[in-house]
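Written below as structure tokens is the structure these notes are about.
The values are calculated or read from the model by the stated rules, or taken from the named source; none is laboratory data. Keep in mind the model is a prediction, meaning the values are calculated, not measured. In this analysis, Cβ positions are derived from the backbone assuming ideal geometry, glycine residues included, and neighbour counts consider all displayed protein chains. Quick note on the areas: whole protein, heavy atoms, side chains included, nothing else; ligands and nucleic acids left out. Shrake-Rupley method; radii C 1.70, N 1.55, O 1.52, S 1.80 Å.
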Amino acid sequence: IWRSEEPGRDGTVTLFGGDSVPLPYEGQPHTIPPGARACGIHVGTGRSHIEIDGRRWCGIRIYGYRGGAGVFMQDSDPSRYPHHIGLRNLEIFDCGIAGETEGKGVSIAGDWHSFDRLIIHDCQQDAVQGRAVNHFRMTRCWLYNSRPKATDMSAPFNAGRHHDGIQIFAGGLMRDYLVEDCIIGPNLNQGFFPTDTGTKPRHVLIRNCLF
């Protein structure tokens, strides 16, 4: 699935979730408009070998979704999580539900995924979060928060919502991660957090990155 490169049809593709008001700072009220959608792209159970490519930096923009994620890869059957999903040249921002611990840029699950030239910023929680991830590659991406909290300009707007760059929080023994040529930050809680209770990553390589 590619953005067209045909002259006259090669503009930026926008996937808009229905809420044009940016997520508020922590504690500020926010009303989700009727009809706002939960996620921009849903890669469900058993899906595999799919590439989504904006064909240039920010060629596809995904924002204003009020649910789980801008791109959602989880489903009900862990034995059939998606695999071999490639995301490239996307900008994902302003996704999530105010005041909730939900709303990632990408909710990831499964094996053999590759992310390249993604810009993910200012979502309600983590830029990338998920479970049971093996053989993962992320290259030339930028994950960050840019907006401050109005009542505390030294903190990001979503302070308190556990806003990491990448967190893998479940899945047991996992292996083979490469994060290369990326910028992670500013204004995140933890930059790269591939482990939690019961989660044990092996063969993790971070190379040429700026935190």
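Give the longest segment of the chain that steers clear of GluC sites (Glu not before Pro) in DSSP loops with at most 16 neighbouring Cβ atoms within 10 Å, not counting the sites themselves. Value returned for the longest uninterrupted segment is 101-211.
Ligands, DNA and RNA aside, Trp57 has an accessible area near 130 Å² when probed at 1.4 Å. What is the spin-label model distance, in nm, from Ile183 to Ser48 if the labels are put 7 Å beyond Cα along the C-beta direction? It works out to 3.7 nm between the two label points. Counting 0.36 nm for each residue step from Phe16 to Ser146 and taking away their Cα separation leaves a gain of 44.8 nm.
The relative contact order of the chain comes to 16 percent, based on Cα pairs under 8 Å that sit 6 or more residues apart.
Residues Leu173, Leu143 ordered from highest to lowest accessible area at a 1.4 Å probe: Leu173, Leu143. When both the range 47-64 and the range 132-180 are represented by their alpha-carbon centers, they are found 19 Å apart. In the full protein context, the chain carries 46 Å² of accessible surface per residue, based on a 1.4 Å probe and ignoring ligands, DNA and RNA. Projecting the Cα atoms of Ala170, Pro82, Ile60 onto the charge dipole of the chain (Cβ charges, centred on the Cα centre) puts Pro82 farthest toward the positive pole. The Cα atoms of the range 139-211 give a gyration tensor whose axes a ≥ b ≥ c have a/c of 1.5 or more with a/b no greater than b/c, which makes the shape oblate. DSSP beta bridges fully contained in the chain are about 5 percent antiparallel.
If you sort the three axes of the alpha carbon gyration tensor as a ≥ b ≥ c, you get a/c of 1.5 or more for the range 1-110 and a/b no higher than b/c, which makes it oblate.
With the highest mean first, a sort of the peptides 27-35, 159-167 on other beta-carbon atoms found within 10 angstrom per residue produces 159-167, 27-35.
By the Kirkwood approach, averaging reciprocal distances over each pair of separate Cα atoms, the range 63-200 gets a hydrodynamic radius of 14.8 Å. In terms of its C-alpha gyration tensor, the range 19-80 comes out oblate, because a/c is 1.5 or above while a/b does not outweigh b/c. If R0 is 22 Å, what FRET efficiency do you get for His30 and Met153 from their C-beta distance, rounded to 0.05? Efficiency, from the Cβ-Cβ distance: 0.65.
Ligands, DNA and RNA left out, the 1.4 Å accessible surface of the chain is 51% carbon and sulfur atoms.
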